[in-house]
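Below is one structure; the comments refer to it alone.
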């Protein structure tokens, strides 16, 4: 899944030019550190010891792999070059929505899509720490795949 995650998060080498190797290495360093935290936590549980997981950032990659080794749906929260908080939500074989979010605290982010006025999608992204994230649609055009009340889970946090 790492190769798929790189493409989802960073893009291809053609899109990023000479910066691509640096971006890939930084991403791989981050996900390796995160996996080490998860493994340390599991080992502490087995040994009956305590381990405090560091707080998970509001920025990250969360995926739904449907129990397989492939990525089916993706939620990416990041800070843009201009400093805006943005999110990308891709639901397997259904569609994609991109937009910005406002941090409400307690791991809740209010999302608004960047689509045209005729297709504004709004919702709440809930970052569940190391247990993944979810997106619940609160406003969408009638008949849209992102229908009001629909919740999408992304149980794997990179």
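The values are calculated or read from the model by the stated rules, or taken from the named source; none is laboratory data. Treat the numbers as computed from the prediction; the structure is a model and nothing was measured. Glycine also receives a Cβ, built like all others from the backbone with ideal geometry; neighbour counts cover every protein chain displayed.
Per-structure values
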quantity	calculated
Test: residue 115 is surrounded by fewer than 19 Cβ atoms within 10 Å (Cβ to Cβ), without any contact (Cβ under 8 Å) to a residue 60 or more places away in the chain and more than 30 Å from residue 32 (Cβ to Cβ)	yes
Residue within the stretch 9-19 that is closer than 26 Å to residue 104 by Cα, modelled with pLDDT under 90 and surrounded by 10 or more Cβ atoms within 10 Å (Cβ to Cβ) present	yes
Helices (runs of 4 or more DSSP H) completely within the stretch 1-96 that count 3 or more residues being touching a residue at least 40 places away in the same chain (Cβ under 8 Å) and more than 26 Å from residue 115 (Cβ to Cβ)	20-47
From 144, 153, 115, residue being within 25 Å of residue 65 (Cβ to Cβ), out of contact with any helix residue (DSSP H, G or I) (no Cβ under 6 Å at 6 or more places or on another chain) and either modelled with pLDDT under 95 or assigned to a loop (DSSP other than H, G, I, E, B) (or both)	144
Residue selected from the stretch 128-141 under the condition at pLDDT below 95 and crowded, with 16+ Cβ neighbours inside 10 Å, by the criterion farthest from residue 41 (Cα to Cα)	140
Residue count, the stretch 102-112 (criterion: surrounded by 14 or more Cβ atoms within 10 Å (Cβ to Cβ) and at pLDDT below 95)	1
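One line per residue, one yes/no per condition, for (1) over 22 Å from residue 24 (Cβ atoms); (2) loosely packed, with under 10 Cβ neighbours inside 10 Å; (3) touching a helix residue (DSSP H, G or I) at 6+ places or on another chain (Cβ under 9 Å):
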{"site": "48", "(1), (2), (3)": "yes, yes, no"}
{"site": "70", "(1), (2), (3)": "no, no, yes"}
{"site": "74", "(1), (2), (3)": "no, no, yes"}
{"site": "78", "(1), (2), (3)": "no, no, yes"}
{"site": "82", "(1), (2), (3)": "yes, yes, no"}
{"site": "90", "(1), (2), (3)": "no, no, yes"}
{"site": "100", "(1), (2), (3)": "yes, no, no"}
